[in-house]
Amino acid sequence: MNRWIETLTHKKVDIFDPDPDSICIEDIAHHLAIINRFVGATREPYSVAQHSVILASFFDDRFFDDRIESLQALMHDAAEYCINDIPSPIKQEFKMIKKVEDNFCKTIFNKFNIPFPWSFEIDRLDKCLGKEEGRQLGKNVDMWPNYTEEEIGKLPWDIDIIPWNWGQAEGAFLNSFKRLTE
């Protein structure tokens with residue numbers, strides 16, 4: 001049985017036993033720029049890469065001034081470049097998916113010398129941002145469990161979600177990664 005996934009740069013990535021040498025930032029940026037959030041159930045395409053760039057921006061010098069947390073936020077969904085953006089209800093039902101994703105993400109973080117795991121604050125703001133993205137992109141976020149303001153708080157500032165094309169998302173992701181790793 002074939003256990004690997006071929007990337008854009010023709011690398012073979014085995015997500016069950018990942019080899020750091022098979023992982024490259026160009027593949028991560030490109031794949032995430034083409035993968036839609038919310039399984040594509042939005043008014044227009046909105047990429048995981050754009051979501052990650054926006055989340056990382058909350059941790060730069062305008063809010064937390066924490067380069068490490070900004071890099072962790074940028075890369076928090078990096079495993080999705082090979083696993084895809086699997087909806088939370090599926091991950092909750094099939095615990096093995098979350099385990100494989102976490103192991104793959106840990107390998108990616110280790111490859112780029114990023115501390116793993118990331119902070120509660122990244123998880124909290126990820127949920128806040130997800131709710132705001134959903135609201136602006138046509139989701140009925142009032143139906144979402146465990147996403148009340150009392151439970152997850154608020155974003156540090158107001159944002160307007162204007163989806164980028166995949167080229168913009170890929171470029172912004174790569175530029176953020178380069179800036180944060182220099």
Among (1) surrounded by fewer than 22 Cβ atoms within 10 Å (Cβ to Cβ); (2) assigned to a helix (DSSP H, G or I), the one test that Ala73 misses = (1)
Which pairs do you get when a residue that is under 9 Å from Leu74 (Cα atoms), found in the range 44-55, comes within reach of a residue that is among the aromatic types (Phe, Trp, Tyr), reach meaning Cβ atoms under 6 angstrom, with the pair 6+ apart or on two chains?
-> Ala49/Phe173; Val53/Phe173
Exactly one of Ile159, Ile108, Ile122, Ile97 is surrounded by 14 or more Cβ atoms within 10 Å (Cβ to Cβ) and not in a helix (DSSP H, G or I), and that one is Ile159
In the range 91-130, what residues are of a type in the set (A, V, I, L, M, F, W, C) and farther than 25 Å from Ala41 by Cβ?
-> Ile108, Phe109, Phe112, Ile114, Phe116, Trp118, Phe120
Is there any pair linking a residue in the range 94-115 that is closer than 12 Å to Asp19 by Cα and at pLDDT 95 or above to one that is surrounded by 14 or more Cβ atoms within 10 Å (Cβ to Cβ) and of a type outside the set (A, V, I, L, M, F, W, C), with Cβ under 7 Å and at least six apart or on different chains, and which?
-> Phe104/Pro18; Thr107/Pro18
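It is to be established whether one or more residues within the range 20-28 are modelled with pLDDT of 95 or more, within 25 Å of Leu155 (Cβ to Cβ) and of a type outside the set (Lys, Arg).
Here is the first cut: in the range 20-28, the ones modelled with pLDDT of 95 or more are 20-28.
Pick out the ones that are also within 25 Å of Leu155 (Cβ to Cβ) and you get 28.
Going one step further and asking which of them are of a type outside the set (Lys, Arg), we end up with 28.
Scanning the range 20-28 turns up at least one residue that is modelled with pLDDT of 95 or more, within 25 Å of Leu155 (Cβ to Cβ) and of a type outside the set (Lys, Arg).
Yes/no matrix, rows are residues, columns are (1) of a type outside the set (A, V, I, L, M, F, W, C); (2) surrounded by fewer than 21 Cβ atoms within 10 Å (Cβ to Cβ); (3) in contact with a helix residue (DSSP H, G or I) (Cβ under 9 Å, 6 or more places away or on another chain):
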site	(1), (2), (3)
Arg37	yes, no, yes
Gly40	yes, yes, no
Pro45	yes, yes, yes
Leu55	no, no, yes
Glu69	yes, no, yes
Ala78	no, no, yes
Pro87	yes, yes, yes
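The values are calculated or read from the model by the stated rules, or taken from the named source; none is laboratory data. Just so it is clear, the structure is predicted and the values come from calculations on it, not from any experiment. In this analysis, Cβ positions are derived from the backbone assuming ideal geometry, glycine residues included, and neighbour counts consider all displayed protein chains.
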